[in-house]
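Below: one structure, written as structure tokens.
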């Protein structure tokens, strides 16, 4: 199974489907292995991640790792943790921040990548785009979905985006740090066998 992912990851990283509309050009960012037990599905790389090629290599990643109670060494251990955004390349900037993930990526690449990761026990759905794709029958706002995380079907765990732009959202919802983060850490530890 691991060998099957290597050519697939090379194909993903060589993707040029959206090249003409990407302001910084294509640079697909993804990490996966057949042995991974935790999958992080975010939105799309920002400019810093586009430059480094390392997912969550920005202030959002610092906050996400704090929520998970995880060091960078653990977070970037691809044998245990896979990272697959909804859009694999930086989509550009809009009036209110980065544009939405390109719609071509998830239907094109997610099914094959998921098939190559049979040991995934927990999938973190970060932000509305991931939640809409993987929880299509779920109704409610992002806040409602996150608050009701225990009702979300296994293996999914919904989270808000950890962007500094969401600091106000987090401040207005103290229940997130008090209730959701401990539950998240518990599920992550169980998925990783800790």
Next item on the list: Only bridges with both residues in the range 2-192 count here: give the DSSP antiparallel percent, nearest 5.
Entry: 20 percent
Next item on the list: Compute the Rg to Rh ratio over the range 2-192 from the alpha carbon atoms, using the Kirkwood formula for Rh, and round to two decimal places.
Entry: 0.94
Next item on the list: Provide, for q = 0.12, 0.17, 0.23, 0.29 Å⁻¹, the log10 of I(q)/I(0) from a solvent-free Debye sum over equal Cα point scatterers in the range 131-183.
Entry: -0.26, -0.52, -0.93, -1.28
Check: So for the range 51-143, Kirkwood radius off the Cα pairs, Stokes-Einstein at 20 °C and 1.002 mPa s: how many µm² s⁻¹?
Finding: 143 µm²/s
Note to self: With the crude spin-label approximation of a point 7 Å out along Cα→Cβ, what separation in nm comes out for residue 24 versus residue 150?
What the structure shows: 4.0 nm
Notebook entry, point to check: Computed from the mean reciprocal separation of all distinct C-alpha pairs, what Kirkwood hydrodynamic radius does the range 90-167 have, in Å?
Noted result: 14.0 Å
Item checked: Cα Rg, Dmax, the range 27-97, angstrom units -> 12.1, 40
Next item on the list: Rounded to the nearest Å, what's the spacing between the alpha carbon centres of the range 30-61 and the range 119-189? Just the number, please.
Entry: 17 Å
Next item on the list: Give the relative contact order (percent, whole number) for the chain; include only Cα pairs under 8 Å separated by 6+ residues.
Entry: 26 percent
Notebook entry, point to check: In what sequence, highest mean first, do 8-16, 113-121 appear when ranked by Cβ atoms within 10 angstrom?
Noted result: 113-121, 8-16
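Just so you know, all these numbers are worked out from the coordinates, no wet-lab data involved. On a predicted model such as this, the values are computed, not experimentally measured, just so you know. With ideal geometry, Cβ positions are generated from the backbone for all residues, glycine too; neighbour counts draw on all protein chains shown.
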